[in-house]
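Report on the structure given below.
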Amino acid sequence: MLTELLGFPPQVLFGQLLLGLINGAFYAVLSLGLAVIFGLLNIVNFAHGALYMLGAFAALGITQYLGLGYWGALIVAPIAVGAFGIVIERLLLRRLAGVDHLYGLLLTFGLALVIEGTFVKFFGSSGLPYPTPKALEGGVNLGFMFLPWYRAWVVVASLLVCGATWFLFERTKIGAYLRAGTENPKLLQAFGVNVPLLTTLAYGYGVALAAFAGVLAAPITQVNPLMGSNLIIVVFAVVVIGGMGSIMGAVVTGLAMGVIEGLTKVFWPEASATVIFVVMAIVLVLRPAGLFGKTA
Amino acid sequence: MKFVKTLSAGVSALALLASAASAEISDGKVKIGILTDMSASYSDVAGPGAVAAAEMAIEEFGGQVAGAPIELVTADHQNKADIAANTAREWGDTGQVDTFAELVTTSVAMAVFEVAKQQNKIALVSGAASSPLTNDACIPTGLHWTYNTRALAVGTGSAVVAEGGDSWFFLTADYAFGEALQKDVTAVVEKAGGKVLGSVKHPFPASDFSSFILQAQASGAKVIGLANAGADTINAIKAANEFGIVAGGQSIAGLLVFLSDIHALGLEVAQGLQMTVSFYWDMDDETRAWSKKFMEKTGKMPTGVQAGTYSAVRHYLKAIEATGSDDTDTVLAKMREMPVEDMFAHGGVLRTDGRMVHDMYLAKVKAPSESSGPWDYLKIVRTIPGEEAFGTLEESTCPTK
């Protein structure tokens, strides 16, 4: 009824909802990584988009030179890029502990520019193709749309990873330490827990999540040095809407924003790049701590 | 006393003579400013390759013209009109730059036109494609070299309609260029008896095209016209491929596709695509020889925008060589008088509306089995005579033509 009123056949609307959910899955995984990092390190990780791009390039390299294929890359690339993240944390971010948020933001933003600039220099801006894995080629006709198997897999994989992360943080001992570290790192240290190690691991994990999203994205978009720079701003808006540092908030908001953006692409395509920021502005006015954030 | 007077008069006369000799070349050098996208969506289409192409033109002159050294400065405008305009203004006001070149992205070209008009400097547009640049938005010193949206429409648009693609749906980049391209193609399609069923404007740049592709699919149009460029075109073609557009009986018409896009997509995905090009490296001995040199310099084969930058800069320098002056009006008059003759254009004519009229080519992307290796991607299907591609001067709506 509503769809008829709006002048769009229901098929179109269902299709767009599903596509929105697929894009939302990327937002969810990326904003989850950001939330984990912000929660533990209090750093606004602007290098997240560049690390997502590194994940895609790592997948390409692993497939071409190590011959591991997509499935191997899906596991190895996040580990490799996560390890790179650990190096960043140990060498650079550690030195900013205790200073204003702004310094971390500037450092990671600079890092992103350096990483992306270097990749543009060597690989150009058009990117490189990454084939869809053989097992996930083709798709299924759902009646209202043709759903490529690969896109379906993206949603499943993202939700699995988000679920696992939630479990890790909310239901395990390590998760309890991590949450305690967020609340009061000094006290936790006094109990004999190695807080610096925890922080390093958390950063590595957040980065690995970004890389995982990068591998997932590789067959869909080109493996492009700039693939993260367009996405990162949107993902930050998602994190702000969900509430900085809230894991559940990041996931739910990511999916929801994907859907809202998807619908905007039908009703007012020109505004689809802006709609999430409009939502962000409204949320900030009404609930400054974000939808799922704890008000201080 | 008299002796001193005579001497000083002699010295000043000499000084006057000397300054008269070099006054023809302002500041004693010819300075070319390349404003291009060095790092974002269009940096493979133009970017560092366009700079390399301009350098090749300068090298042909041995780095000197009319006894003065040639200098090249470059800046990254990041596809932002304000950055481009500010840089151009600074270059013109205090940087002694004589001409602005390349200028990919329509909004950039239009912003730089404004500066070039105020400063009475030549703007050599290669990368920006919109036909308004030599129509409503023209300036007396703005030259549009490589192609325009009208030529693309005449080339690809007509070819697709002739093959039965008579109903269209556009995916259009939401800025001046996308709009111009859609408008020009619509005119061609409607003139040939086809019709346009709808369009969707997507943000520039966009990364996910699945939603727009689905809307195009639902429109039932036979042809989905991509009125965008660079990374946007690549992503749209990939999404169309993924969502089974071609298998479903619809076809994709990339209205502005570059060699670099084909290289990025791979022939498996791009095969069969029709594209209108101003230049292809493998056309004759001259283009092959030049492109080989370009390849040695950059590691890539040139796009039309890059080859066009070479041609524009070369022709500009030729006019300075012929007149011994870098005065804008003198050079411009000479550039119009001389035919453009190089590996890019043969007998090219520079019109008073700023349009450089030369032949364009309709090409088809080869199947993987037809290609002998990297960069062997196109076969030229048809030569489109310059006037057919760009229209006549009478048709131009440029007020200062």
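Looking at the square roots a ≥ b ≥ c of the eigenvalues of the Cα gyration tensor of region A:12-81, which shape do they give, rounded for a/c under 1.5, prolate if a/b is larger than b/c, or oblate? Don't skip to the answer; put the middle values down first.
Working: a/c = 2.75, a/b = 1.12, b/c = 2.45.
Taking the square roots of the gyration eigenvalues as a ≥ b ≥ c, region A:12-81 is oblate.
Among A:52, A:103, A:65, the largest mean-square fluctuation in a Gaussian network model of chain A, built with springs joining Cα atoms closer than 10 Å, belongs to A:65. The count of lysine pairs in region B:120-246 that are at least 8 places apart or cross chains, and whose C-alpha atoms lie under 30 Å apart, stands at 13.
Give me the percent relative contact order of chain B, please, defined on Cα pairs under 8 angstrom at least 6 residues apart. Numbers along the way, then the final one.
Details: 821 pairs, mean separation 72.3, N = 401.
Value for chain B: 18 percent.
Comparing A:245, B:218, A:286 along the charge dipole axis of the protein assembly as shown, the residue lying farthest to the positive side is A:245, per the Cβ-charge model.
Got the relative contact order for region A:217-296 handy, in percent, Cα pairs under 8 Å and 6 or more residues apart? Please list the in-between numbers first.
Numbers: 72 pairs, mean separation 28.1, N = 80.
Worked out over region A:217-296, it gives 35 percent.
For region B:290-394, a crude dipole built from +1 on the beta carbon of Lys and Arg and -1 on the beta carbon of Asp and Glu, taken about the Cα centre, is about 560 debye to the nearest 20.
Kindly report, to the nearest 10 Å², the accessible surface of residue A:170 as traced by a 1.4 Å probe over protein heavy atoms only. Its heavy atoms expose roughly 60 Å² to the probe.
Going by accessible surface with a 1.4 Å probe and the largest first, B:70, A:260 read A:260, B:70. Its DSSP H runs of at least 4 residues, each contributing -39,500 (n - 2.57), put the calculated 222 nm mean residue ellipticity of chain A at -24000 deg cm²/dmol, to the nearest 500. For chain A, a/c is not less than 1.5, where a ≥ b ≥ c are the root eigenvalues of the C-alpha gyration tensor, and a/b does not top b/c. That puts it in the oblate class. Only protein heavy atoms count here; under a 1.4 Å probe, residue B:114 has an accessible surface of about 90 Å². Here's the picture: charge each Lys and Arg Cβ at +1 and each Asp and Glu Cβ at -1 in region B:32-159, and of B:135, B:104, B:116 the one pushed furthest to the positive end of that dipole is B:135. Placing unit charges on each Cβ (+1 for Lys and Arg, -1 for Asp and Glu) gives region B:236-394 a dipole about its Cα centre, and among B:383, B:263, B:305 the Cα reaching farthest toward its positive end belongs to B:263. Annotation: amide H-H contacts under 5 Å for residue B:196 (H modelled 1.01 Å from N, sequence separation of 5 or more, or interchain): B:168. Give me, ordered by chain and number, the residues 5 or more places off residue B:245 or on other chains with an amide H under 5 Å from its own placed amide H. The list, which skips near neighbours in sequence, is empty: none.
Could you work out the relative contact order of chain A, using alpha carbon pairs under 8 angstrom and six or more residues apart, expressed as a whole percent?
Across chain A, relative contact order equals 37 percent.
The heavy atoms of residue B:195 offer some 120 square angstrom of accessible surface to a 1.4 angstrom probe.
How large is the helix-only mean residue ellipticity at 222 nm for chain B, computed as the sum of -39500 (n - 2.57) over DSSP H runs with n ≥ 4, divided by its residue count, in deg cm²/dmol to the nearest 500? Walk me through the numbers on the way to the answer.
Numbers: 15 runs with 171 residues, N = 401.
The helix contribution divided over chain B gives -13000 deg cm²/dmol.
Summary of the geometry: region A:83-124 and region A:35-82, compared by the centres of their Cα atoms, lie 14 Å apart. Pull out a ≥ b ≥ c, the square roots of the eigenvalues of the alpha-carbon gyration tensor of chain B, then state rounded if a/c is under 1.5, prolate if not and a/b is larger than b/c, and oblate in the remaining case. Because a/c hits 1.5 or more and a/b exceeds b/c, chain B counts as prolate. Unpaired cysteine residues in the protein assembly as shown (no second Cys Cβ under 4.7 Å): A:162.
Across peptide A:153-165, the mean count of Cβ atoms from other chains lying within 10 Å of each residue's own Cβ comes to 0.
Which links in B:29/B:318; A:121/B:366; B:31/B:318; B:318/B:379 stretch past 21 Å when you go from one Cα to the other? Distance filter (> 21 Å) returns A:121/B:366; B:318/B:379.
Could you rank A:95, B:89 by how accessible they are, 1.4 Å probe, largest area first?
Values: A:95 170, B:89 90 Å².
Largest accessible area first, the residues go A:95, B:89.
Taking amide H as placed 1.01 Å from N in the peptide plane, the amide H of residue B:357 sits under 5 Å from that of B:349, B:350, B:351, each at least 5 places away or on another chain. The distance linking region A:189-240 with region A:144-182 is 13 Å (Cα centroid to Cα centroid, whole angstrom).
For the protein assembly as shown, the Cβ-based charge dipole about the Cα centre amounts to some 1940 debye (Lys, Arg positive; Asp, Glu negative; other atoms uncharged). Put simply, the Cα atoms of region B:290-378 extend 52, 27, 15 Å along their principal axes, the longest span coming first.
Using a Gaussian network model of chain B in which every pair of alpha carbons under 10 angstrom is joined by a spring, one finds that among B:375, B:281, B:168 the greatest mean-square fluctuation is at B:375.
For region B:126-245, the Cβ-based charge dipole about the Cα centre amounts to some 140 debye (Lys, Arg positive; Asp, Glu negative; other atoms uncharged).
Averaged over the residues of A:214-226, the number of partner chain Cβ atoms lying within 10 Å of the residue Cβ comes to 3. Evaluating 6.51 cos²θ - 1.76 cosθ + 1.60 at θ = phi - 60° for every residue in region B:185-199, the Karplus couplings come out as 5, 4, 4, 5, 5, 5, 5, 7, x, x, 9, 9, 8, x, 7 Hz, glycine and proline recorded as x. Shielding by partners for peptide B:33-41, expressed as the average number of C-beta atoms from other protein chains within 10 Å of each residue's C-beta, is 3. Rounded to whole numbers, the Karplus 3J(HN,Hα) couplings from phi for region A:164-176 are 4, 5, 4, 4, 4, 7, 9, 10, 10, 5, 4, x, 4 Hz, using 6.51 cos²θ - 1.76 cosθ + 1.60 with θ = phi - 60°, and x at Gly and Pro.
Summary of the geometry: region B:302-371 and region B:215-230, compared by the centres of their Cα atoms, lie 32 Å apart. Principal axis analysis of the Cα atoms in region B:164-255 yields extents of 33, 32, 17 Å, listed in decreasing size.
The values are calculated or read from the model by the stated rules, or taken from the named source; none is laboratory data. Fair warning: this is a prediction, and the values are worked out from it, not measured in the lab. FYI the Cβ positions are ideal-geometry reconstructions off the backbone, even for glycines, and counts take in every protein chain you see. All accessible areas refer to the heavy atoms of the entire protein, side chains included, with ligands and DNA or RNA removed. Shrake-Rupley method; radii C 1.70, N 1.55, O 1.52, S 1.80 Å.
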